[in-house]
Amino acid sequence: GQQLNQSPQSMFIQEGEDVSMNCTSSSIFNTWLWYKQDPGEGPVLLIALYKAGELTSNGRLTAQFGITRKDSFLNISASIPSDVGIYFCAGRPSNDYKLSFGAGTTVTVRA
Amino acid sequence: DGGITQSPKYLFRKEGQNVTLSCEQNLNHDAMYWYRQDPGQGLRLIYYSQIVNDFQKGDIAEGYSVSREKKESFPLTVTSAQKNPTAFYLCASSQPSSGKSYEQYFGPGTRLTVT
């Protein structure tokens, strides 16, 4: 599968901050998924997106399926310490049924 | 509670030995997947199975083998032919016939260390 370009690679958060990350692909995708992974654990599905322009929330998390169908965004509002972890995007190209994954965004609490 | 279990959590092997990682799901999902995770990289697909008694190679199948004799089980064997087997291995499942067919659910992972 193709590799997705996920940015930023890492970020530091302070409690209460809003944070954003995004994922881009070189081809059109029909599905975007966002996962969170804690150290030494498996990824947990946060949000699934199926339509271009779709905006979906899960608590303080909001994700959007880009209009071009080549990108997706995840926002975390009013961050709390338990938001630390690695956030992965995953997508399904229009010409495949397997998922491609981004390299992840590592979120750490700023000291 | 439905879910995916992987065992063991940590596995240590000597170079040259084959090792089998277990993956069991009670979600009644038809499709199962094995991924490898290395630091700073996205998940890479090793093998996948859409239905019992059938499986296909993913992007990095060399040095690995699988079987799918039961719907709930999809064991992965890391053979001595795998040149760099030390990694975190993740099993996942999905239900292709559902409206959420592309949503994959992951197990807790097995960390394999080969020395």
Rounded, prolate or oblate: pick one for chain A, where a ≥ b ≥ c are the square roots of the eigenvalues of its C-alpha gyration tensor, a/c under 1.5 means rounded, and failing that, prolate if a/b is larger than b/c, else oblate. prolate
If each part is reduced to its alpha-carbon centroid, segment B:75-94 and segment A:69-89 end up apart, in Å, by 28 Å
With the 1.4 Å probe rolled over protein heavy atoms, chain B has an accessible area per residue in Å² of 49 Å²
Per residue accessible area in Å² of segment A:1-64, where ligands, DNA and RNA are left out and the probe is 1.4 Å: 49 Å²
Between B:ALA31, B:ALA81, B:ALA61, which gets the highest mean-square fluctuation from a Gaussian network model of chain B, Cα cutoff 10 Å? B:ALA81
With all protein chains present, how much of the accessible area of the protein assembly as shown (probe radius 1.4 Å) comes from carbon and sulfur, to the nearest whole percent? 50 percent
What is chain B by shape, rounded, prolate or oblate, if you read a ≥ b ≥ c off the alpha carbon gyration tensor as root eigenvalues and call it rounded for a/c under 1.5, prolate for a/b larger than b/c, and oblate otherwise? prolate
Per its Cα gyration tensor (rounded if a/c is under 1.5, else prolate when a/b beats b/c, else oblate), the protein assembly as shown is best filed as prolate
Accessible area buried at the A-B interface, both sides summed, 1.4 Å probe (Å², nearest 100): 1800 Å²
Relative contact order in percent for chain A (Cα pairs under 8 Å, 6+ apart) equals 38 percent
Could you pull out the pairs from B:LYS14/B:LYS70; A:LYS51/B:LYS100; A:LYS36/A:LYS70 whose alpha carbons sit more than 18 Å apart here? B:LYS14/B:LYS70; A:LYS36/A:LYS70
Residues other than A:GLU17 with Cβ under 11 Å of its Cβ, Lys/Arg counted +1 and Asp/Glu -1, net out at -2
In percent, how large is the relative contact order of chain B, given Cα pairs closer than 8 Å and 6 or more residues apart? 34 percent
With a 10 Å cut-off between alpha carbons and a GNM built on chain A, which of A:GLY85, A:GLY59, A:GLY40 moves the most? A:GLY40
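The values are calculated or read from the model by the stated rules, or taken from the named source; none is laboratory data. Note that the coordinates shown come from a computational prediction; the quantities given were computed from them, not determined experimentally. All Cβ positions, even for glycine, are placed from backbone atoms using ideal geometry, and neighbour counts span all protein chains on display. The accessibility values were calculated without ligands, DNA or RNA, using every heavy atom of the protein model including side chains. Shrake-Rupley method; radii C 1.70, N 1.55, O 1.52, S 1.80 Å.
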